[in-house]
Every structure is written in C-alpha cells, then in structure tokens.
Amino acid sequence: MQRQSGAGLFLKRCFDRLAAGAGLLCLSPLLALTGLFVRATLGSPVLFRQVRPGLGGRLFTVFKFRTMLEATDADGNALPDEQRLTWAGRLLRSTSLDELPQLWNVLRGDMSLVGPRPLLVEYLPRYSPEQARRHDVLPGITGWAQVNGRNALSWDERFRLDVWYVDHWSPALDAKVLALTLLRVVQRQGISFVSEATMNKFLGSDAPARPAPVPAAPVVPRREAAASPVSSPYDGPGAGARAAPPPPLASGRGG
C-alpha cells in the first residue's frame, strides 16, 4: 500500500500539470472545434460549470463541455436527463470529448489526471465513513472505477473501486489507468447504466461498508436491466444497489 504523500505526491502533481498543460496546447484545435460543435447543436453556454467536492471535501468548480439542453417543464423544473440529452450530447459523452475542459482543472491543481471522479456536493452527507475515503486523494478525469465499468457499475461497486485505488495508488497504477482509459474510449463501454441516459442519483447505502480486497477477476459491465436504480455525471446510481463483488484489477480492458 502506497499513500499519495511526500515525493510520490509531488511527482504525481508535477506530471499532472505538465501533461495537462501540454494537452491543452496540443488539443487546442480539437477543443475549439468541439466548442463550435456544442454552440451549433446545443447553443450557449458552451461549457457546463458545477461546484464539486475535491480533496478533503474542498469545493471547486469543474468544467465540462455541455451535453444537455437546459429544458424545463411548466413549473420551471429541469426535465429528466433522457429528455435533455441530445444526439450531440451522446456523441460527446461516448467519445469523452465532454471531459477535455477538465484539463484546466488539473492545471489549476483542483484535479489529477487519475483519481476518483468528482461527484455531487449533495452526496457528501450520504457517504459511509468508508466511502468518504474516496476524498483522501485528488479527484481525477479518469479513475480505477472508470476502466472497470464506468457508469455501468452500481454505486457500491464504484465506491469500492475508488477506495481500493486510494489504498493501492502507485505511479504504475496511474500509468495503467491512463492506458486502459484510451482503450475504453475506443471501445465506448460503460457510458451509462443499462436503460438510463445517465446514472441515477446516489441516495445513500444501507449496506455496511467494508474495505475492498485485491480482486481476482475483472468486472464485466452489466448488460441486463438492473433490479434497482443506480446513477451519474461520469457521474451518479441510487440507493438500494446490489452489493458488488470485490474491485477488480483491470486486465487490459480500457472509461
């Protein structure tokens, strides 16, 4: 077990910022084209901004390309995600192009390239003490849960993988996650939970949390309808999700 501290953490943050800076520079034409695509298909604003909790629960503003219409019902309430998510938004999510603006978050030090995904602030009081340990490290653009199922996982499975990453972090593990992420993007696997446009909100878990042991086999994304809902943004499932098997060590699949 190697915690993110000392020289290891310093090297990780140096690599993050160098890679993010280089990525923003090299991908600037793609960022510009994606921004124009969003403007033409979804209108303004081009960027989605939302406050999320990061390291130690500290709040920061995360940036993504917008993928949904800002449509509301007669009472002014936002319509369900499946009604607001357009073909353009689905394309951006399936290719992970919507995540590219988070390179700016990495450059600022709010995020890392690899780490548990930053979720909604409203989830903070719903975590068990074990699940809350996902905030012991910087959140990431991609993470161990993303290369082992992404949004196709239940909340319990996802949090178990997040905590496993916290306890087993190493530079080699980060390199493996980055490599598998590229494969996942090509495969376009685990973009959302079965039958859902996005993941359902996390409402809390009644099951007692337990540390996740080293897995023996990779998680296969569920293809049949789930018995109970799960949720979201590269991000949220809900209460009542079935207990998950121990988190797997990815075997060469790449989300």
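The numbers here are math on the coordinates, done by the rules we state, and not lab data. Since this is a predicted model, take the numbers as computed values, not measurements. Please note: Cβ atoms are built from the backbone with ideal geometry, for glycine as well, and neighbour counts cover all protein chains shown.
What the table shows:
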quantity	calculated
Of every Cα-Cα pair in the stretch 111-155, the percent that sits beyond 14 Å	52
Theoretical FRET efficiency, 1/(1+(r/R0)^6), r = Cβ-Cβ of Leu182 and Gln50, R0 22 Å, to 0.05	0.30
Å³ per residue enclosed by the Cα convex hull of the stretch 82-178	119
Per-selection metrics, the stretch 40-104 (Cα): Rg and Dmax in Å	13.3, 39
Förster radius 22 Å - calculated FRET efficiency between Arg39 and Ala19, Cβ distance, rounded to 0.05	0.20
Calculated P(r) of the stretch 1-159 - Cα pairs past 26 Å, %	32
Cross-link reach list, lysines versus Lys12, counting only Cα pairs under 29 Å and skipping chain neighbours closer than eight places	Lys64, Lys176
Simple label model, 7 Å out from Cα along Cβ direction - Cys26 to Ser128, nm	4.1
